[in-house]
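A short write-up of the structure that comes next.
Taken together, the values in this text are just the output of simple stated rules run on the coordinates, not laboratory data. Keep in mind that what you see is a predicted model, and the values were worked out from it rather than measured. So basically every Cβ, Gly included, is an ideal-geometry build from the backbone, and we count neighbours across all protein chains shown.
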Amino acid sequence: MSTPQHCPGFEQFKGLKSFTCKCPTCGKKIEIFSDEFDKPHKCPACKEQIDFKQCALDGTA
C-alpha cells in the first residue's frame, strides 16, 4: 500500500480560484472562492447581503 501524496478530496478542489471583492456597502475586502459565487453571502463587517455576481472584483489571489 502506498502513502497518498496529498489529502483526500484534493482533486475536487485543485481548480478553485480565489477572488477578493469589496463590499459595496462598507468597502471591506472579502475573499470568495469560485465555487461559492451562486451562494448567499453576508459581509462580516456590516452584515449586509452581498451579491458577488454584481460586485466589482478587486483582484485575484
Quiz item: Using beta carbons and a limit of 6 Å, which pairs, at least six apart or on different chains, have the first residue in the stretch 14-36 and under 18 Å from LYS47 (Cβ atoms) and the second one assigned to a loop (DSSP other than H, G, I, E, B) and of a type in the set (Gly, Ala, Ser)?
Solution: CYS26/ALA45; LYS28/ALA45
Practice problem: Among the residues of the stretch 32-47, count how many are exposed (fewer than 12 other Cβ atoms within 10 Å of the Cβ), closer than 17 Å to LYS22 by Cβ and in contact with a Lys or Arg (Cβ under 9 Å, 6 or more places away or on another chain). | Solution: 1
